[in-house]
1. Lys and Arg at +1, Asp and Glu at -1: add these up for the other residues within a Cβ distance under 13 Å of residue 71 and post the number.
2. Hey, any idea what Rg/Rh is for segment 9-66, computing Rh the Kirkwood way over Cα pairs?
3. How much mean residue ellipticity at 222 nm does the chain get from its helices, if each DSSP H run of length 4 or more adds -39500 (n - 2.57) and you divide by all residues, to the nearest 500 deg cm²/dmol?
4. In segment 32-129, which trypsin sites (Lys or Arg not before Pro) fall in coil by DSSP and have 13 or fewer other Cβ atoms within 10 Å?
5. For segment 71-150, state the average projected area of the convex hull of the C-alpha atoms over all orientations, rounded to one decimal in nm².
6. Fewest to most neighbouring Cβ within 10 Å: what's the order for 49, 153, 20?
7. Through the Karplus equation 6.51 cos²θ - 1.76 cosθ + 1.60, θ set to phi - 60°, convert the phi angles of segment 115-131 into ³J(HN,Hα) values in whole Hz; use x for Gly and Pro.
8. Relative contact order for the chain: what is it in percent, counting Cα pairs under 8 Å that are at least 6 residues apart?
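Every number in this text was worked out from the coordinates using simple rules, so none of it is lab data. These numbers come from a predicted model, not from an experiment. Don't worry about glycine lacking a Cβ; one is built from the backbone with ideal geometry, like all the others, and counts go over all protein chains shown.
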Amino acid sequence: MNTQAKDKDITEKAYFKIDENGQWFHNGEPIKRSALAKLFADKGLRVDENGRYWLQSPYEKYPVEVVDSPFIIIDYSQNTDGLDLIANMGDVVPLGPDHPMVLRDSDVYNMKLPYVHVRGGLYARLSRNVYHAMVHQYGASVYSRGHDYLLGEVETSL
């Protein structure tokens, strides 16, 4: 018996949203239990090949509106291997080839910002505080686990 959710199992009975600050909402109300939001983020959140986000269980599939990115990097630490980035849902993301940082256009902020691959096509944006702290500490790029990652683009004028 196949218990995997299919497109036909998509339900519109619940509305989920993750705002630009990484806050989860259900039917317009903030999810106040952080453990519940973490459970959704850890076990059910998926992104498909078209960039649509879903909260998926073995039996149902709910669309999730993601305003910018599903995760926010809220802290970081330097160790002997490189940088470990800490996301708002508790994920520790080792910046490196398996979790690269890329510059992407942000429709919310109308500029290119650094995003880090967390898992399964899901990305985290660096929070403003982390971004400024990293620029202050490392400059225009950061080196971690054998690779350089740009923190931004430098505009040059002629």
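1. Working: positive: 38, 119, 125; negative: 19, 20, 42, 68, 75, 91.
Charge balance near residue 71 sits at -3.
2. 0.93
3. -3000 deg cm²/dmol
4. 32, 33, 52
5. 5.0 nm²
6. Fewest-to-most ranking of 49, 153, 20: 49, 153, 20.
7. Coupling constants for segment 115-131: 10, 10, 5, 8, 5, x, x, 8, 10, 10, 8, 5, 5, 4, 4, 5, 4 Hz.
8. Here the relative contact order equals 18 percent.
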